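The values are calculated or read from the model by the stated rules, or taken from the named source; none is laboratory data. Please read all numbers here as calculations on a predicted model, not as lab measurements. Please note: Cβ atoms are built from the backbone with ideal geometry, for glycine as well, and neighbour counts cover all protein chains shown.
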């Protein structure tokens, strides 16, 4: 486990914007979660690194999305608690919580005919009261969110007419406009082609680096988790089996334990992060040439 203080802002790089003050701390204590008579998460303790990107990984049905739902107060714990800066999530008024935590569920659905601008504008709802209606600040938040997600020219288009990647960016824009210091994203790249997956992950990284937002996202792709996350949490059967920096967590032993998959770990030539190379029955690496093996000469 990483010993880095999760509340210490990441060092600024030359020419980068100054990092904002650390946001609220999200923590789970002795968390037990389940549905009906089935327990999914058992005795889980977790402190989300503030101002960082955290990726939760694990096999299907290991409890990743269940944990994220509990962190968003969409699922009440059977035992234990989720806390925000030391206060139990269940004790925080809904509108106040919505100004702190933004959630993007796995398969959000917009009402038919709703435009992109209207959807993004709904992110400002937590900031509205009977005495404070739509303001210039709300208008600016929506404009900035559309710009940040590259959707300005699509603002008047119905959401249901967009491509999958555009639609996912529209939902992220709504979360951006909500202006929360913490973003919880459940498989934000699901159903997207590779180019749109990278587009969405780059956008999430921009939000973190430019604004210091804490991001927790469930991801299936281990290599994307290693490349884009500062902190990785590996889950198995409702428990955390490893957490820390990608290089500490994504090892051959952990991948085999968590996914029941043999692999080799190489260095990603682009990001310098772990690169998982799966082994299978037909491609298992036995007898493969190594860098030191002689290469047959070309035949004229």
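What number of residues in region 172-185 are surrounded by fewer than 22 Cβ atoms within 10 Å (Cβ to Cβ) and part of a helix (DSSP H, G or I)?
Qualifying residue count for the region: 0.
Given the criteria touching a strand residue (DSSP E or B) at 6+ places or on another chain (Cβ under 9 Å), under 16 Å from residue 108 (Cα atoms), surrounded by fewer than 17 Cβ atoms within 10 Å (Cβ to Cβ) and touching a residue at least 12 places away in the same chain (Cβ under 8 Å), does residue 188 qualify? I'd like the intermediate steps shown before the answer.
Values: touching a strand residue (DSSP E or B) at 6+ places or on another chain (Cβ under 9 Å): yes; under 16 Å from residue 108 (Cα atoms): yes; surrounded by fewer than 17 Cβ atoms within 10 Å (Cβ to Cβ): no; touching a residue at least 12 places away in the same chain (Cβ under 8 Å): yes.
Spelling it out, it is not the case that residue 188 is touching a strand residue (DSSP E or B) at 6+ places or on another chain (Cβ under 9 Å), under 16 Å from residue 108 (Cα atoms), surrounded by fewer than 17 Cβ atoms within 10 Å (Cβ to Cβ) and touching a residue at least 12 places away in the same chain (Cβ under 8 Å).
Just a yes or no: is a residue in region 201-224 surrounded by fewer than 23 Cβ atoms within 10 Å (Cβ to Cβ), over 15 Å from the mean Cα position of the chain (by Cα) and under 30 Å from residue 35 (Cα atoms)?
no
Output the residues belonging to region 244-260 that are in contact with a helix residue (DSSP H, G or I) (Cβ under 6 Å, 6 or more places away or on another chain) and outside any helix (DSSP H, G or I). I'd like the intermediate steps shown before the answer.
Going through region 244-260, the residues in contact with a helix residue (DSSP H, G or I) (Cβ under 6 Å, 6 or more places away or on another chain) turn out to be 246, 250.
Of everything in region 244-260, just one residue is in contact with a helix residue (DSSP H, G or I) (Cβ under 6 Å, 6 or more places away or on another chain) and outside any helix (DSSP H, G or I), namely 250.
May I ask you to verify whether residue 152 is surrounded by 12 or more Cβ atoms within 10 Å (Cβ to Cβ), in contact with a helix residue (DSSP H, G or I) (Cβ under 9 Å, 6 or more places away or on another chain) and over 17 Å from residue 201 (Cα atoms)? Break it down into steps so the answer makes sense when it comes.
Values: surrounded by 12 or more Cβ atoms within 10 Å (Cβ to Cβ): yes; in contact with a helix residue (DSSP H, G or I) (Cβ under 9 Å, 6 or more places away or on another chain): yes; over 17 Å from residue 201 (Cα atoms): yes.
Yes, satisfied.
Specify the residue that is modelled with the lowest pLDDT; the eligible residues are those in region 159-168 that are farther than 14 Å from residue 121 by Cβ and surrounded by 15 or more Cβ atoms within 10 Å (Cβ to Cβ). Write out each step before concluding.
Of the residues in region 159-168, the ones farther than 14 Å from residue 121 by Cβ are 160-168.
From what is left, the residues that are surrounded by 15 or more Cβ atoms within 10 Å (Cβ to Cβ) are 162, 165-168.
Details: 162: 88, 165: 80, 166: 85, 167: 85, 168: 83.
Per the stated criteria, the residue is 165.
Quickly run through region 105-144 and pick out the residues that are crowded, with 19+ Cβ neighbours inside 10 Å and either out of contact with any helix residue (DSSP H, G or I) (no Cβ under 8 Å at 6 or more places or on another chain) or at pLDDT below 85 (or both).
110, 123, 124, 126, 138, 141
Yes or no, residue by residue, for (1) under 30 Å from residue 100 (Cβ atoms); (2) at pLDDT 95 or above:
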position: 228; (1), (2): yes, yes
position: 242; (1), (2): yes, yes
position: 255; (1), (2): no, yes
position: 278; (1), (2): no, no
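Which condition number in (1) more than 22 Å from the chain's Cα centre (by Cα); (2) buried (at least 21 other Cβ atoms within 10 Å of the Cβ) is the one that residue 63 fails?
Going through (1) more than 22 Å from the chain's Cα centre (by Cα); (2) buried (at least 21 other Cβ atoms within 10 Å of the Cβ) one by one, residue 63 breaks only (1).
Among the residues of region 143-164, is there at least one that is within 26 Å of residue 57 (Cα to Cα) and in a helix (DSSP H, G or I)? Step through it out loud before you land on a result.
Of all residues in region 143-164, those within 26 Å of residue 57 (Cα to Cα) come to 149, 164.
Checking which are in a helix (DSSP H, G or I) leaves us with 164.
Yes.
Suppose we filter 2, 65, 16 for residues that are in contact with a strand residue (DSSP E or B) (Cβ under 7 Å, 6 or more places away or on another chain) and modelled with pLDDT under 90; which single one remains? Before the answer, list the steps.
Details: 65 fails: modelled with pLDDT under 90; 16 fails: in contact with a strand residue (DSSP E or B) (Cβ under 7 Å, 6 or more places away or on another chain).
Of 2, 65, 16, the one residue that is in contact with a strand residue (DSSP E or B) (Cβ under 7 Å, 6 or more places away or on another chain) and modelled with pLDDT under 90 is 2.
Within region 225-243, how many residues turn out to be buried (at least 17 other Cβ atoms within 10 Å of the Cβ), assigned to a strand (DSSP E or B) and in contact with a helix residue (DSSP H, G or I) (Cβ under 7 Å, 6 or more places away or on another chain)? Reasoning before the result, please.
Residues of region 225-243 buried (at least 17 other Cβ atoms within 10 Å of the Cβ): 225-236, 238, 240, 242-243.
Subsequent filtering for residues that are assigned to a strand (DSSP E or B) retains 231-236, 240, 242-243.
This time we only want the ones that are in contact with a helix residue (DSSP H, G or I) (Cβ under 7 Å, 6 or more places away or on another chain), so: 232, 234-236, 242-243.
Adding up the residues that qualify gives 6.
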